[in-house]
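The values are calculated or read from the model by the stated rules, or taken from the named source; none is laboratory data. Note that the structure is predicted; figures quoted are calculated from it, not measured. With ideal geometry, Cβ positions are generated from the backbone for all residues, glycine too; neighbour counts draw on all protein chains shown. Surface areas here come from the heavy atoms of the whole protein model, side chains and all, with no ligands, DNA or RNA. Shrake-Rupley method; radii C 1.70, N 1.55, O 1.52, S 1.80 Å.
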Amino acid sequence: MLHISRGLTAAAGTAAPAVSLSRFPLHRPRPTRSNPCFPTLKPSSRTSVSFAAPIQPGAHIAPSTLFKPLDTFPRRHIGPRDNDLPVMLKTVGVASIDELVTKTIPAGIRVEQAPAVGEPLAEAELLSELRKMAAKNKVFKSYIGLGYADTITPPVILRNIMENPGWYTQYTPYQAEISQGRLESLINFQTMVSDLTGLPVSNASLLDEGTAAGEAMLIAFTIHNRRRKTFLVDTATNPQTIACVRSRAEPFGINVVVSDASGWERELEESGQDIMGVMVQYPAADGRVPDYERLAAQARSRKSIVVAATDLLALAVLRPPGEWGADIALGNAQRFGVPLGYGGPHAAFFAVRDEHKRRMPGRLVGASKDTHGKVAYRLALQTREQHIRREKATSNICTAQALLANMAAMYAVYHGPQGIKDIALRVHHLTSVLAEGLTQLGYTITNRDSFFDTLTVRLDFPSSELVAFAEENRINLRIDEKNTIGVTLDETVTKQDLQHLVRVFALGSVQRHMLVSDSSVPSVDTLAAARFATAERSFNFAPKLARTSAYLSHPVFNSYHSETEMLRYIMHLQSKDLSLADAMIPLGSCTMKLNATTEMIPVTWPEFNSLHPFVPQHQALGYKTLFEELEYSLAKITGFDAISLQPNSGAQGEYAGLRVIRAYHESRGDVKRNVCLIPVSAHGTNPASAAMCGMDVVVVKCDAAGSLDAEDLRVKAAQYKDRLAAIMITYPSTYGVFEDGVREVCDLVHSYGGQVYMDGANMNAQVGLCTPGDIGADVCHLNLHKTFTIPHGGGGPGMGPIGVKAHLAPFLPGHPLTKVGGQAPIGPISAAPWGSASILPISWAYIRMMGDVGLRKSTEYAILNANYMAKRLEPYYKILFRNENGLCAHEFIIDARPFSASAGIEAVDIAKRLHDYSFHSPTMSWPVGNTLMIEPTESEPRSELDRFCDAMIAIRQEITDIETGKQPRENNVLTNAPHTQEVLLSENWDRPYTREQAAYPLPNLRKRKFWPTVSRVDDAYGDRNLFCTCPPLELDE
């Protein structure tokens, strides 16, 4: 994609001089003897990764060998063994891995030294180191609220979903036939959200509440064809949500007006024709439970979209937004069994009225049917995906938080409607008892008669006194104003916790501490008796706001309330899905590599997953160290000067990087620079992200070989020289090749004043062998869920941090509640300061256990594995897009187009037939239609590579049988694939091939086979008959 003649010259770039990492917050300088910031990060003296030959009896043992740990990690992470190497190299046609690298990567960009991230830690050493780091995090009782509440994760869900590779190593369920388990769970999530919000259509989750609110605003914007420019937000909305909305609005010129919703009646009357929508928090951030029905009716009469940011647990007892007039409801499903995690990952929810469903961002699971009429789930309305709509997309969202959505759904399944209501009532009544106690203590509660779980308490002394005393007692409160405190309760609060909290308020000021004794602190037993002594109303909000409608009435929410039943249901769904626990998932551009157990273990430690995102930073010093070390390592690996860990997906990283570029140009007075050059082969999120940043997308052609058209690039760079903001490139290319000329591309764009954005989707082919910063990129996002082993989770979570050169560092994203980012930061990209913080230990652990040499070796094997498979398959399939030496990078593309004419077989038929061979299919029809893109990663052993190649070779013979007339073009083993046990065991078998050919096309499948549970799903039927909640039982019969 980046093949440009070496004759191009360019003027020097305009980048500012490089500066030390130490200039920016959270960056430590490289360790030296006088400044041992990272005493464990010692540059490795080794040049290879040992696979630990066994110690022979009687052999001389050198002391240096004796003390080396035996649980080293690189040999566990990298799949092929030493004895595989000669065969694999011979197959590829090279004498060594060094020769392979030399012939694969252009000499001008190769680096000779591995990244200086230090010697590797063994697995036990790593866990010991992390234990010390985790101990620096203080797990206090946090009553901070603001959209985050502590929760009890049922152990059956924690162990069997969150900690289970059968769930967290799955990919996004695009291949519905081998994804029915998580699709069913996600439709449970959608049903749960739809029931609780009172709105008919919900998606399968978004990244977080703040970005979901931004998406809602943009729906309102597009509904009015971008003509209305004003969006009203209530002041009592969570501050991080307001900041995210403002950040999303800025590139579109949307005027976000933050004001008290009680005054909107006049505003709607006077300016209603320009108000696209209004957003309220329900319950409000200050705890109140307002009645918004009249406001909603007035707004909708002006055709303004009504958005409610809400709380699922509160909606178990409160009238749902859909019933009082909201068009969109959104929020954070975190308190449904998902740990706080210092901000994430969590599953945001998003529900809409039926008329808005085709504008809804993210993924939507719908019920369809397979070829035999059986109910089957699938991702519905996929035409909304960004790879199709590109710069015309209404959103750049291309992922979700599937693993966390599944946890939240299972929480609702396990507790059922009565259990959820009981939890909500308990939280509300405990808050009522607290309100009674604070009133007796003389405090003024500003929302005394209107709350669900949050109280706003006015003090007659500085709030800092109470907060400090609370912290001494291992309690965190929220400072709303100088003399105002916020308190939010949750399901984890015990009688002892509540008594402790009342005591803190009783003794919380200097004066109170001197005058009040412990013995005079009200007892919560006495307070509860006083609160419920009379038959007064049971709720502390207006009676008309009490919920009367039913929810969670589907049998799935009323059937699995014992642990035995729940465990079997979870395992039943898991058995329907193919994950990395079953087989290689060779998806090109997706890097489905090992998610090692040692990396995953710390994620569920309380010190990492039980911190509220807005605790004082001195309570999270372990996280601070981890962030600093991870940023340092990523900077060394990429060649950049500063890192932001905030973006919580790859698409969010793209958006952040382009916003930073835009801010840089504006700081220099170059406000007209708004053109972004994007190759026609780019991933669809690239143009979508550029459009979201207010940039005009100009497409650059590619030639027949897949390379960037040099002449077209020259012409368009010159044509837009005064408006050129950036070019977005992927390297290696989306076609899986290290192409020459990438530096010349960067130089050319720089010569016209533009910046270079590198998409980090293919970083797994770069680490240790070349760096984006050295190549010439100014910014690059990194998919930690690809290259740096955070699991895909069946469609999320992910992380997309960005690395930047020094001149862009001042503009890294900030946050309204925590100091992060640069000196002149853009607005927040995510609701939490560090995005999905609790999964960052995974990438930190991967880097620390691999070490500098291990990381380089990992990339070499990723390239070796891909080329080995390509060479094995090239006698049978046409391999597209290889370099002049006939080599690919870490992935390659098989052309299925010839089979369309010769046998009536398409790429989708090969993909579905692979299910019968117990494999997930490669990436289908991207970046070239009717092709398959294969990426094995370095983690797969040679035996699995061979098993896949054997399957593909067998399928090629099946195609030959059709071409030669041995099998018909219509009714054959490929077009009928996949074959379920139900089909194979049916009494009638009228197909021109045997059941054995369908089920066991290779002998190894008799020993181990994954069975699809539905036949090929009818996508068109699912879109014509959109059904996005749990189907009635009669449909499943």
Quiz item: By how many nm would the segment from Lys1009 to Ala135 grow when fully extended, if each residue of separation counts as 0.36 nm and the alpha-carbon distance is taken off?
Solution: 310.2 nm
Quiz item: Once amide H atoms are placed 1.01 Å from N in the peptide plane, what residues at a sequence separation of 5 or more from Asp480, or on another chain, have their amide H within under 5 Å of its amide H?
Solution: Ile485, Gly486
Quiz item: So for region 643-835: antiparallel DSSP bridges make up what percent, rounded to the nearest 5?
Solution: 30
Quiz item: Averaged per residue, what accessible area in Å² does region 146-305 show with a 1.4 Å probe, protein chains only?
Solution: 29
Practice problem: Roll a 1.4 angstrom probe over the protein heavy atoms and tell me the percent of accessible area of region 505-644 that is carbon or sulfur. | Solution: 56
Exercise. Using the Karplus curve 6.51 cos²θ - 1.76 cosθ + 1.60 with θ = phi - 60°, work out ³J(HN,Hα) for each residue of region 281-294 in order, rounded to whole Hz, and write x for Gly and Pro.
Key: 9, 9, x, 6, 4, 8, x, 4, 10, x, 9, 9, 4, 5
Quiz item: For helix 710-719, what angle does its Cα long axis make with the longest principal axis of the chain, in degrees from 0 to 90 and rounded to 10?
Solution: 40
Quiz item: Taking θ as phi - 60°, what are the ³J(HN,Hα) couplings along region 644-661 by the Karplus curve (6.51, -1.76, 1.60), each to the nearest whole Hz, with x for Gly and Pro?
Solution: 10, 8, 6, x, 9, 6, x, 5, 5, x, 4, 4, 4, x, 6, 5, 5, 4
Self-check item: Cut-off under 5 Å, modelled amide H: who pairs with Leu594 long-range
Solution: Ser939
Quiz item: Once label points are set 7 Å from the Cα along Cα→Cβ at both Glu99 and Ser667, what is their separation, rounded to one decimal in nm?
Solution: 4.9
Quiz prompt | Per-residue ³J(HN,Hα) for region 356-369, Karplus 6.51 cos²θ - 1.76 cosθ + 1.60, θ = phi - 60°, Hz, x for Gly and Pro | solution = 9, 4, 7, 9, 5, x, x, 9, 10, 8, x, 8, 9, 9
Practice problem: Do me a favour and compute the ellipsoid semi-axes for region 136-586 from its Cα gyration tensor, root of five times each eigenvalue, largest one first, whole Å. | Solution: 37, 29, 19
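For region 643-835, what is the Kirkwood estimate of the hydrodynamic radius, computed as the reciprocal of the mean inverse distance between distinct Cα atoms, to one decimal in Å? Intermediate values should be presented prior to the final figure.
Numbers: mean 1/r = 0.0602 Å⁻¹.
Its Kirkwood hydrodynamic radius stands at 16.6 Å.
How high is the FRET efficiency between Thr994 and Ile61 when r is their beta carbon distance and R₀ equals 56 Å, given to the nearest 0.05? Please list the in-between numbers first.
Values: r = 59 Å, r/R0 = 1.05.
Between Thr994 and Ile61 the formula returns 0.45.
Quote the FRET efficiency, to the nearest 0.05, computed for Arg897 versus Tyr1021 with a Förster distance R0 of 25 Å and r equal to the Cβ-Cβ distance. Spell out each step's value before the answer.
Working: r = 27 Å, r/R0 = 1.06.
For Arg897 and Tyr1021, the calculated efficiency is 0.40.
Given the chain, what percent of its DSSP beta bridges are antiparallel, to the nearest 5? Write down the numbers at each step before the final one.
Details: 45 of 81 bridges.
Here the share of antiparallel DSSP bridges comes out near 55 percent.
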Self-check item: Förster radius 41 Å - calculated FRET efficiency between Glu265 and Phe532, Cβ distance, rounded to 0.05
Solution: 0.65
Quiz prompt | Backbone N under 15 Å from the Asp722 label point (7 Å along Cα→Cβ), restricted to region 650-687 | solution = 670-675
Quiz item: Averaged per residue, what accessible area in Å² does region 850-1025 show with a 1.4 Å probe, protein chains only?
Solution: 37
Practice problem: Measure nothing fancy, just the Cα-based angle from helix 239-249's long axis to the longest principal axis of the chain, in degrees from 0 to 90, nearest 10. | Solution: 50
Practice problem: Please work out how much length the chain gains when fully extended from Ala546 to Ser986, using 0.36 nm per residue of separation minus the C-alpha to C-alpha distance, in nm with one decimal. | Solution: 153.1 nm
Quiz item: Given 0.36 nm per residue, what is the gain on full extension from Ser520 to Ala705 after removing their alpha carbon distance, in nm?
Solution: 58.3 nm
Quiz item: If you find the alpha carbon centre of region 399-452 and of region 161-201, how far apart are they in angstrom?
Solution: 24
Practice problem: Please give the per residue accessible area of region 643-835, computed with a probe of 1.4 Å over protein heavy atoms only, in Å². | Solution: 21
Quiz prompt | Amide H contacts under 5 Å for Lys576, placed H, 5+ residues apart | solution = Gly181
Self-check item: Charge dipole (the chain, unit charges on Cβ, about Cα centre) - positive-most of Ile144, Ile187, Leu864
Solution: Leu864
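Ordering Leu594, Leu1005 by how much accessible area each has at a 1.4 Å probe, largest first, what is the list? Can you show the working numbers first?
Working: Leu594 60, Leu1005 5 Å².
My answer, sorted largest first, is Leu594, Leu1005.
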Quiz item: What Rg and what Dmax come out for region 516-580 when only alpha-carbon atoms are used, in angstroms?
Solution: 22.5, 62
Quiz item: Between the DSSP loop rule and a limit of at most 10 other Cβ atoms within 10 Å, which GluC sites (Glu not before Pro) in region 862-935 are left?
Solution: Glu884
Practice problem: Specify the angular offset, from 0 to 90 degrees and rounded to the nearest 10, of the alpha carbon long axis of helix 840-873 from the longest principal axis of the alpha carbons in the chain. | Solution: 30
Quiz item: Accessible area of Met162, 1.4 Å probe, to the nearest 10 Å²?
Solution: 30
Quiz item: Once label points are set 7 Å from the Cα along Cα→Cβ at both Gln957 and His618, what is their separation, rounded to one decimal in nm?
Solution: 7.2
Self-check item: Surface accessible to a 1.4 Å probe, Ser559 within the full protein complex, Å²
Solution: 50
Quiz item: Distance in nm between label sites at Arg969 and Gln440, each 7 Å beyond Cα in the beta-carbon direction?
Solution: 8.6
Practice problem: Report the semi-axes of the equivalent ellipsoid for the chain in whole Å, largest first, where each axis is √(5λ) for an eigenvalue λ of the Cα gyration tensor. | Solution: 46, 34, 30
Exercise. Quick one: accessible surface of Ser986, probe radius 1.4 Å, all protein chains present, in square angstrom to the nearest 10.
Key: 40
Self-check item: Theoretical ellipticity at 222 nm over the chain - DSSP helices of four or more residues, -39500 (n - 2.57) apiece, nearest 500
Solution: -10500 deg cm²/dmol
Practice problem: Please list the radius of gyration and Dmax for region 732-861, considering alpha-carbon atoms only, with Å as the unit. | Solution: 16.0, 45
Quiz item: With all protein chains present, how much of the accessible area of region 850-1025 (probe radius 1.4 Å) comes from carbon and sulfur, to the nearest whole percent?
Solution: 47
